[in-house]
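These notes are about the structure you will find just below.
The values are calculated or read from the model by the stated rules, or taken from the named source; none is laboratory data. On a predicted model such as this, the values are computed, not experimentally measured, just so you know. Ideal geometry is used to build each Cβ from the backbone, glycine not excepted, and the neighbour counts take in all protein chains shown. The area values use the complete protein model at the heavy-atom level, side chains included, leaving out ligands, DNA and RNA. Shrake-Rupley method; radii C 1.70, N 1.55, O 1.52, S 1.80 Å.
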Amino acid sequence: MANNRRMSGKKGAQVGSGGQRRRGLEGKGPTPPAEARKGHAKQRAAAAKVRRAQGRPQQRKGGGRSTSELVVGRNPVYEALRDGVPATMLYVQQFIDNDERVREALQLAAERGNIHLMEAPRPELDRMTNGLNHQGLVLQVPPYEYAHPEDLPAAAYDKGEDPLIVALDGVTDPRNLGAVVRSVSAFGGHGVLVPERRSAGMSAGAWKSSAGAAARTPVARATNLTRALEQYKKAGITVVGLAADGEAEVGDLAALSGPVVIVVGSEGKGLSRLVGETCDHRVRIPMPGGAESLNAGVAAGVVLYEASRRRS
């Protein structure tokens with residue numbers, strides 16, 4: 001009996017174990033290569049290579065989107081719709097007085113076909129507009145999709161043309177931005193470059209000033225304007241800055257016939273120091289009438305005309 005008790009205390013396979021201990025000792029086959037192991041650095045590199053082969057675009061650091069915007073009031077809403085400003089939603093106050101301007105705004109929105117109409121109580125519109133005098137009409141403008149700075153010269157080369165780009169340095173009035181976009185479109189340019197900070201963006205006001213040109217002329221946004229201009233220079237594009245004390249006159253600059261970026265500063269301050277130092281040439285616009293400076297839209301138009309004349 002003692003002998004049996006000692007035997008029963010030994011370790012071993014138990015009844016009903018199903019041989020789990022034996023299977024646990026069996027091998028699981030050869031270790032898979034690093035490229036097939038999930039989470040391994042080589043596996044991630046191989047997956048990235050496949051994505052590139054499939055043509056998946058790489059994410060860029062520039063460009064991006066602006067925030068949505070509200071146009072408030074009967075006349076501003078009507079003018080925005082009339083001038084082709086993009087819109088996604090038109091909010092109309094419940095029990096609004098249906099005057100001529102309201103009827104015209106509703107008709108324009110209906111003709112677009114892609115603007116949703118939403119009826120809302122006055123307190124809701126007051127909340128949306130932070131108490132502004134909306135007069136019962138509020139138009140929602142979607143975020144603007146900015147291009148990447150590299151997209152502008154790429155679009156020119158795709159057409160077999162030398163890039164003609166305008167960069168704005170410190171221009172904060174959206175109407176000036178819209179006017180520049182309009183001039184770039186009129187003279188065959190390939191886009192406008194603006195810095196991300198301390199600059200006007202593509203708001204409803206800029207859209208209106210562009211007179212529809214913003215729909216066909218890209219606007220790119222750079223995190224750092226100086227760095228973007230340096231990248232253009234490395235790509236063989238001449239950077240020309242407009243300055244009242246420029247060394248040469250615009251009409252004498254042969255570089256305008258080739259790939260060029262025209263940099264326009266703010267009215268009054270002109271080009272910032274770093275941007276001015278980055279320019280290959282600093283040129284002036286002769287003004288026999290004695291004016292001290294031109295606004296950005298007019299200055300850009302003058303130089304774009306000269307560039308277009310040389311290229312024709």
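Take the alpha carbon gyration tensor of the stretch 143-256, find the square roots of its eigenvalues, order them as a ≥ b ≥ c, and report rounded if a/c is under 1.5; if not, report prolate when a/b exceeds b/c, else oblate.
Taking the square roots of the gyration eigenvalues as a ≥ b ≥ c, the stretch 143-256 is rounded.
Going by a ≥ b ≥ c, the root eigenvalues of the Cα gyration tensor, does the stretch 75-114 fall in the rounded group (a/c under 1.5), the prolate group (a/b larger than b/c) or the oblate group?
Prolate.
Given a Förster distance of 45 angstrom, what is the FRET efficiency for L132 paired with K269, based on the Cβ-Cβ distance and rounded to 0.05?
0.90
Please work out whether the stretch 195-312 counts as rounded, prolate or oblate from its C-alpha gyration tensor, where a ≥ b ≥ c are the square roots of the eigenvalues and a/c under 1.5 means rounded, while otherwise a/b larger than b/c means prolate and anything else oblate?
rounded
On the accessible surface of the stretch 88-153, probed at 1.4 Å, how many percent belong to carbon and sulfur atoms? Let's see the in-between values first.
Working: 1830 of 3800 Å².
Of all accessible area on the stretch 88-153, carbon and sulfur atoms account for 48 percent.
With a cut-off of 15 Å, note down the residues of the stretch 254-283 whose backbone N falls inside the zone around a label point 7 Å from the Cα of R309 toward its beta carbon.
254-257
Obtain the nm distance between the two label points defined at D252 and R227 by a simple spin-label model: each point lies 7 Å from its Cα along the Cα-to-C-beta direction.
According to this spin-label approximation, the distance is 3.6 nm.
Using 0.36 nm times the number of residues separating R197 and E79, minus their current alpha carbon distance, what extension gain do you get?
39.7 nm
So, in nm, how far is label E104 from label A154 when the simple model puts each one 7 Å beyond its Cα toward the Cβ?
4.2
Rounded to the nearest whole Å², what accessible area per residue is found for the stretch 112-245 with the 1.4 Å probe?
46
Report the FRET efficiency, 1/(1 + (r/R0)^6), for E145 and D245, where r is their Cβ-Cβ distance and R0 is 35 Å, rounded to 0.05.
0.40
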